[in-house]
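The values are calculated or read from the model by the stated rules, or taken from the named source; none is laboratory data. Note that the coordinates shown come from a computational prediction; the quantities given were computed from them, not determined experimentally. Neighbour counts are summed over all protein chains in view; Cβ atoms, including those assigned to glycine, are modelled from backbone coordinates with ideal geometry.
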């Protein structure tokens, strides 16, 4: 005589076999990648930053406080500024104080306004 396998109700079977992915895990993973992207920019590792963004196109290049574009303007980092604009960073993006990257460039004096201000104004939507 064969022993029939015990019947498991459908709702229990579906939850025990397949668990939905937690959106929290994917959010924290995305945030870690965005932090890594900002660290690469700060360290001048632009090739790595660009490669990371190409592998994970859903990353937000404007994420962080202050945003990476603001940091590049404040540090007079022209290569990072060009890379961020090429990758689609928004020059009109505001930080928590309501300042844009153009404000950060203006605070750097005449050199910042001339070199970075022109780049930002040309890309402004």
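So, in region 12-47, of the ones that are closer than 15 Å to residue 80 by Cα, more than 15 Å from the chain's Cα centre (by Cα) and surrounded by 11 or more Cβ atoms within 10 Å (Cβ to Cβ), which residue ends up modelled with the lowest pLDDT?
Filtering first and then ranking leaves 44.
Counting just the residues of region 101-123 that are touching a helix residue (DSSP H, G or I) at 6+ places or on another chain (Cβ under 8 Å) and assigned to a loop (DSSP other than H, G, I, E, B), which one comes out modelled with the lowest pLDDT?
Ranking the qualifying residues of region 101-123, first place goes to 108.
Got a sec? Which of 78, 63, 89 is in contact (Cβ under 8 Å) with a residue 24 or more places away in the chain and over 14 Å from the mean Cα position of the chain (by Cα)? Working first, answer last.
Values: 63 fails: over 14 Å from the mean Cα position of the chain (by Cα); 89 fails: over 14 Å from the mean Cα position of the chain (by Cα).
Only one candidate qualifies: 78.
Look through region 59-98, keep the residues that are over 25 Å from residue 27 (Cβ atoms), outside any helix (DSSP H, G or I) and in contact with a helix residue (DSSP H, G or I) (Cβ under 7 Å, 6 or more places away or on another chain), and return whichever of them is modelled with the lowest pLDDT.
Applying the filter and picking the extreme gives 76.
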